[in-house]
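This report concerns only the one structure given below.
The values are calculated or read from the model by the stated rules, or taken from the named source; none is laboratory data. As the structure is a prediction and not an experimental result, all values here were calculated from the model. All Cβ positions, glycine included, derive from the backbone under ideal geometry; neighbour counts span all protein chains shown. Ligands, DNA and RNA are stripped out before the accessible areas are found, and what is left, the full protein with its side chains, is counted by its heavy atoms. Shrake-Rupley method; radii C 1.70, N 1.55, O 1.52, S 1.80 Å.
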Amino acid sequence: MPKIAFIGAGSTVFTRNLVSDVLAQPELAESTISLMDIDADRLRTSEVVARRLAEAHGVPATVEATLDRREALDGADYVVTSFQVGGLHPSTVVDFDVPKRYGLRQTIADTLGIGGIMRGLRTIPVLLDVCHDMEEVCPDALLLQYVNPMAMLCWAVAEASDIRTVGLCHSVQHTAGELAADLGLPVSELEYHVAGINHVAFFLRLEHDGRDLYPDLRAVLDEGRVPDTNRVRYELLRHFDAFVTESSEHFAEYVPWFIKDGRPDLIERFNIPLDEYLSRSERQIAEWDALRARLESETGQAMGVERSAEYGADIIRACETGEPLGFNGNVPNTYDGGVLIDNLPPDCCVEVPCVAGADGIVPEAVGTLPRHLAALMQTHVNVQGLTVEAALTGRRAPVYHAAMLDPHTAAELSLDEIRRLVDDLLDAHGDWIPALEGDPVPAGAARGG
């Protein structure tokens, strides 16, 4: 039976969901679940959750918990990463507050945009440390990478490590569920083909019983039935004739059209929840505290065993049994000597249909995307590649260029302002981001208001 190491297991809700998914598979019932986190309290809670899940499923799984990453990784067959470097406080708050001084507003700030750049800079070194440990103690393990910014991290791993990696996100399956609800159809009956880059992938085909569903989606637009929480994506459908995989809340900060300083009419029209992510994160922390208190006071409490929408457990099962599983994964655009998406750079990270099975993860070649969709993706590939370059070379200049080329940032700020914003952010993050070589803005230069 496989050993599955969870690095960042203190993400208790995610860990609970994925461990439950694993233990629900009869073929994985005797797995070793090795939990690791740097926070002893959170780790202890996740250990209690995992043990109670094993009891609830009635399976003889082995549950281990350790603060030592190499110990958790030693001999692992699969490694799941789910950590956040810098946490909500101080790092995520910094990623919101400093740009806000410049009039640059965000919604989630963890994948693309200036917030995604900063999270990438502080996360890539940690993930590569995990990979280097894996190279020594479990070189044949498959890394199931769940940490954002997804594309930047998977790109960096492909550049700097030989560890087998696939990046996993739930945006495709969640979007399919939302579209099924909008169209009044069971999600299990939808047929679709999705490709692009993480969070900017598109439903290239969407069908039901062989019938094209795009006319039905346009009818949702024409008849005024767009859900309030999805106005941005349906507006993109109106103009780009394709449906994107990431939420309207998230996608609004990826492009220059929806969030603009001095344009509250756009925020209201498209129902964009600026800064709401911070309060949501605070609620999640409070929920975790409540969960820990409940676990400590109610010994023997049964755990729920509902399946989540994550791919991870099914991928592990497919690799163990050889029974193939289709899913969308994030992988290097170059595979087995060929390119998966012809009109995106060969070294970038793409999100494409994949099959997990006895041969590991095998991605599907997609060919050429519609030119306008590839062009939109390329604006973000530029930023991702420059951020990865900065993290791997330790140079500051690529960070400036990444921020200057980010669509939302560039639409709001001048070049001088962007340069000063980058310096302010790097100063505010301090040791959370490794020192970068290069000259910051000279002391005394004007700062953002």
Tell me whether the chain comes out rounded, prolate or oblate; compute the Cα gyration tensor, take square roots of the eigenvalues as a ≥ b ≥ c, and use a/c under 1.5 as the rounded threshold.
rounded
Considering only protein heavy atoms, what is the solvent-accessible area of Glu253 at a probe of 1.4 Å, reported in Å² to the nearest 10?
10 Å²
Exposure ranking of Asp95, Asp182 by accessible area [1.4 Å probe, largest first]
Asp182, Asp95
Val93 to His193: FRET efficiency via 1/(1 + (r/R0)^6), r the Cβ-Cβ distance, R0 41 Å, to the nearest 0.05?
0.55
Under the rule rounded for a/c under 1.5, else prolate if a/b exceeds b/c, else oblate, using alpha carbon gyration tensor axes a ≥ b ≥ c, the stretch 299-431 is classed as oblate
The stretch 302-354 - percent of accessible surface contributed by carbon and sulfur, probe 1.4 Å
50 percent
How charged is the neighbourhood of Gln378? Take every other residue with its Cβ under 15 Å from the Cβ of Gln378, and add Lys/Arg as +1 and Asp/Glu as -1.
-3
Express in nm, to one decimal, how much length is gained between His372 and Asp68 on full extension, taking 0.36 nm for each residue of separation and deducting their alpha carbon distance.
104.7 nm
Most mobile of Glu437, Glu417, Glu71 in a GNM of the chain (Cα contacts under 10 Å):
Glu437
Is the shape of the stretch 240-359 best called rounded, prolate or oblate, per the rule: a/c under 1.5 gives rounded, else a/b larger than b/c gives prolate, else oblate, with a ≥ b ≥ c the square roots of the Cα gyration tensor eigenvalues?
oblate
Near the amide H of Phe243, under 5 Å away, which other amide H atoms are found, from residues 5 or more places off or on another chain, if H is placed in the peptide plane?
Phe203
Take each complete run of DSSP H in the chain, measure how far its Cα atoms stretch along the helix's own axis, and keep only those covering 20 Å or more with mean Kyte-Doolittle hydropathy at least 0.0; list them.
113-137, 371-393
Report the local net charge at Glu64: Lys and Arg +1, Asp and Glu -1, summed over other residues whose C-beta lies under 10 Å from its C-beta.
-1
Carbon and sulfur atoms: what percent of the 1.4 Å accessible area of the stretch 1-133 do they account for?
47 percent
Given the DSSP H assignment, sum -39500 (n - 2.57) over each helix run of at least 4 residues in the chain and divide by its residue total; what's the result at 222 nm in deg cm²/dmol, nearest 500?
-14500 deg cm²/dmol
FRET E, pair Lys260, Asp228, Förster distance 25 Å, beta-carbon r, rounded to 0.05
0.80
Pull out the extension gain between Glu30 and Glu276, defined as 0.36 nm times the separation in residues minus the alpha carbon to alpha carbon distance; nm, one decimal.
84.5 nm
Accessible area (Å², per residue) of the stretch 100-179, counting only protein heavy atoms and a probe of 1.4 Å
26 Å²
Could you tell me what percent of the DSSP beta bridges with both partners in the chain are antiparallel, to the nearest 5?
55 percent
